[in-house]
1. Checking the conditions here, which among S233, S267 is small (G, A, S), surrounded by 20 or more Cβ atoms within 10 Å (Cβ to Cβ) and touching a residue at least 40 places away in the same chain (Cβ under 8 Å)?
2. Please indicate, with yes or no, whether at least one residue in segment 199-210 is in a strand (DSSP E or B), out of contact with any Gly (no Cβ under 9 Å at 6 or more places or on another chain), on the phi < 0 side of the Ramachandran plot and buried (at least 18 other Cβ atoms within 10 Å of the Cβ).
3. Assess whether A122 counts as being buried (at least 18 other Cβ atoms within 10 Å of the Cβ), at pLDDT below 85 and either of a type outside the set (S, T, Y) or not in a strand (DSSP E or B) (or both).
4. With the structure loaded, tell me whether K224 is of a type in the set (K, R), part of a strand (DSSP E or B) and under 15 Å from the mean Cα position of the chain (by Cα) or whether it fails that test.
5. Applying the selection to segment 236-260, what residues are farther than 23 Å from G25 by Cβ and either part of a strand (DSSP E or B) or without any contact (Cβ under 8 Å) to a residue 24 or more places away in the chain (or both)?
6. Report every pair of residues separated by at least 6 positions or lying on different chains whose Cβ atoms are under 7 Å apart, first residue within segment 80-100 and on the phi > 0 side of the Ramachandran plot, second of a type in the set (A, V, I, L, M).
7. Going through segment 177-197 one residue at a time, which ones are of a type outside the set (A, V, I, L, M, F, W, C), touching a Leu at 6+ places or on another chain (Cβ under 7 Å) and surrounded by 16 or more Cβ atoms within 10 Å (Cβ to Cβ)?
8. Residues of segment 133-179 being on the phi > 0 side of the Ramachandran plot and at pLDDT 80 or above, which ones?
Amino acid sequence: MKKLVLTLAMCAAFSAFAQVVNVSGIERVSLPDGVPTQVVGISPAGDYLLLSHDNNQGLTRLDLATGQSTVITDAPGAGYNARIADDGNTIVYRQASLNNKRMRQVAVNSHNLKTGVKKQLATPSRDLKAVQLAGVAQNSAVYTTQDFQLMVCVAGKTRQLDPLGADKRYLWASISPNGQKVLFFVGGDAAYVCDLDGSGLLKLGKLHAAKWLNDNVVVGMNDKDNGEVYTSSEIVAVDLKGQRQVLTGSDVIAMYPHCAGDKIAFSTPTGEAYIINLTK
């Protein structure tokens, strides 16, 4: 698949910020006609993207080497919090529906890319709080509930975590690859990292939809809007020392990053997809 390598401001990390990662270049992915344009995941090996529509309906696999696209599902809500297993073969996703009382409910399904086998992992429920993959991060996991509470599960035991108080709205929670740190965002405030018991709190500043790049670096977006549309957004890397590095320039509105090894994928409100390539 032909890719366009950008040589504009996007390709350089800004010298006004600390060097957190090394950016070797940024590529615009040539999306085939008719595929969804919202990037909702990148495989652990960095060889394919998961794409969904702006309303999170459906999932499509896009092979980055060949440009071939394969529809995984047309399920409503499948793009929201879709997960790729560590082996890159299993996709876990939600499927939203309405019950006989016209109330929204959500099921959890899986799809094996090698065999094509689909399974229902959780029957439709109104109480579904999060999708987690077993075996990730040494059997530890974190998630936020529909009431914006922060929950941590360690060795099969789940408890509420309130590092900034129980009255806060916790969002975008995840656990570090080594299972030792919790990343989350507090509504109206900033992104934070803490230990599994809530200690060692580190404020990372404004960083929406942040993801772990590795055990020491997280990547998120710094977006701005005028109340109707996004006016700017940049992808930002922050390490656990609090150092920040802007990875994209003002020539693109870069949103919702997804990390895999030495690649960071993101999309734009105008239907473009990009990959930031990193070197050690």
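1. Step by step, each of S233, S267 is checked, and only S267 is small (G, A, S), surrounded by 20 or more Cβ atoms within 10 Å (Cβ to Cβ) and touching a residue at least 40 places away in the same chain (Cβ under 8 Å).
2. No, the conditions are met nowhere in segment 199-210.
3. It is false that A122 is buried (at least 18 other Cβ atoms within 10 Å of the Cβ), at pLDDT below 85 and either of a type outside the set (S, T, Y) or not in a strand (DSSP E or B) (or both).
4. The answer is no for K224.
5. K241 - this is the single residue of segment 236-260 that is farther than 23 Å from G25 by Cβ and either part of a strand (DSSP E or B) or without any contact (Cβ under 8 Å) to a residue 24 or more places away in the chain (or both).
6. Filtered contacts from segment 80-100: N81/V131; G88/A45.
7. Result: Y192, single match.
8. F148, G165, W172, G179
The values are calculated or read from the model by the stated rules, or taken from the named source; none is laboratory data. Note that the coordinates shown come from a computational prediction; the quantities given were computed from them, not determined experimentally. Heads up, the Cβs are rebuilt from the backbone with ideal geometry, glycines too, and the neighbour counts pull from every protein chain shown.
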